[in-house]
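K.L.:
Right, I'll just put the structure down here and ask away after.
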Amino acid sequence: MERLIALEGAVNFRDLGGYATLDGRRTRWRVLFRADGLSELSQTDFSVMRDLGIRTVVDLRSGHEVEQSRFDVEAHPVDFHHFPFINQLPDVEQWDRRPGLLGAQYKEMLDDAAPQITGALEVLTAPDSRPAVFHCTAGKDRTGLLSALVLSLLGVPEETVVADYALSGEAVERLRAKLIVKYPDSKDTISDIDEVFSANPANMVELFAYLRERYGSVTEYAGAVGVPDAVVARLREELLEPAS
């Protein structure tokens, strides 16, 4: 199975299947996907969506981003859900003023976006919701946080989760090149904000350290923020291959 799904209008559409878990099982292929922005998909891309059988799209972007662009539900009908993990994207000056903003933002989302995280998990485990895809703009930060929680709840080892996060590194460079072509007047700004277009594994390692210190484990975090036990059980039942 190919993990990266090649699309004309997106650069970071990936399958979360095939990862080994601590109990010797594996995550299912072609059931759950993570992605970057999905508002520029071509007709060829929608054919891929149909081949994959995508039923549900979960958008993790801010309200403003969704107003600007969103998945075309007329081109490919899906159940569309919006759970904004942040209310507003940081501006260019904030990146200059706050070194390490990306890592700090992950921790803030973990605490502040707990209701949205719970809602997204409930949708992804609902009957007949899969195959499903969740996404943000780059498919790296908000999507990376939800991917880390999902994979961890499934029992995927931390080092594997970190490696999955780091896979976005090449994709976001493709996204940066795409944005420079699209917004040539902002070329210098886009070229200078390296942290925005990075997938440094240290960010995810730091997030896991924070999560352990504050909550104990991902499972304990889920319980503390109100994710129903039934949702975690359905996640494991639906997204893991049966034990051999």
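K.L.:
Tally the residues that are assigned to a helix (DSSP H, G or I) and either of a type in the set (Val, Ile, Thr) or open to solvent by 10 Å² or more (accessible area, probe 1.4 Å) (or both), restricting the search to the stretch 150-164.
P.N.:
First, pick out the residues of the stretch 150-164 that are assigned to a helix (DSSP H, G or I): 150-153, 158-164.
Those left that are additionally either of a type in the set (Val, Ile, Thr) or open to solvent by 10 Å² or more (accessible area, probe 1.4 Å) (or both): 150, 152, 158-163.
Residues flagged as assigned to a helix (DSSP H, G or I) and either of a type in the set (Val, Ile, Thr) or open to solvent by 10 Å² or more (accessible area, probe 1.4 Å) (or both) within the stretch 150-164 amount to 8.
K.L.:
Determine whether the stretch 61-71 contains at least one residue that is hydrophobic (A, V, I, L, M, F, W, C), at negative phi and either surrounded by 20 or more Cβ atoms within 10 Å (Cβ to Cβ) or within 20 Å of the chain's Cα centre (by Cα) (or both).
P.N.:
yes
K.L.:
For the stretch 94-112, does any single residue satisfy the condition of being assigned to a loop (DSSP other than H, G, I, E, B), within 26 Å of residue 195 (Cβ to Cβ) and at pLDDT 95 or above?
P.N.:
Within the stretch 94-112, not a single residue is assigned to a loop (DSSP other than H, G, I, E, B), within 26 Å of residue 195 (Cβ to Cβ) and at pLDDT 95 or above.
K.L.:
Would you check which residues across the stretch 189-232 are in contact (Cβ under 8 Å) with a residue 24 or more places away in the chain, in a helix (DSSP H, G or I) and of a type in the set (S, T, N, Q) and list them?
P.N.:
Answer for the stretch 189-232, where residues must be in contact (Cβ under 8 Å) with a residue 24 or more places away in the chain, in a helix (DSSP H, G or I) and of a type in the set (S, T, N, Q): 189, 203, 219.
K.L.:
Consider only pairs whose beta carbons are under 6 Å apart and that are at least six residues apart or on different chains; among these, list those whose first residue lies in the stretch 53-79 and is part of a helix (DSSP H, G or I) and whose second residue is open to solvent by 50 Å² or more (accessible area, probe 1.4 Å).
P.N.:
Every condition considered, the pairs that remain are 66/82.
K.L.:
I'd like to verify a number: residues in the stretch 80-92 that are closer than 30 Å to residue 128 by Cβ, of a type in the set (A, V, I, L, M, F, W, C) and assigned to a loop (DSSP other than H, G, I, E, B), how many?
P.N.:
3
Here is a yes/no grid of residues against (1) more than 16 Å from the chain's Cα centre (by Cα); (2) surrounded by 15 or more Cβ atoms within 10 Å (Cβ to Cβ); (3) under 24 Å from residue 9 (Cα atoms); (4) among the basic types (Lys, Arg):
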| site | (1), (2), (3), (4) |
| --- | --- |
| 139 | no, yes, yes, no |
| 148 | no, yes, no, no |
| 166 | no, yes, yes, no |
| 173 | yes, no, yes, no |
| 184 | yes, no, yes, no |
| 204 | no, yes, no, no |
| 207 | no, yes, no, no |
| 212 | yes, no, no, yes |
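K.L.:
Next up: Return yes or no: is residue 119 surrounded by fewer than 21 Cβ atoms within 10 Å (Cβ to Cβ) and under 20 Å from residue 35 (Cα atoms)?
P.N.:
So residue 119 fits the description; yes.
The values are calculated or read from the model by the stated rules, or taken from the named source; none is laboratory data. Since we're looking at a predicted model, the values are computed, not measured. Cβ sites come from the backbone with ideal geometry, for glycine too, and all protein chains shown count toward neighbours. These area figures cover heavy atoms from the full protein model, side chains too; ligands, DNA and RNA do not enter into them. Shrake-Rupley method; radii C 1.70, N 1.55, O 1.52, S 1.80 Å.
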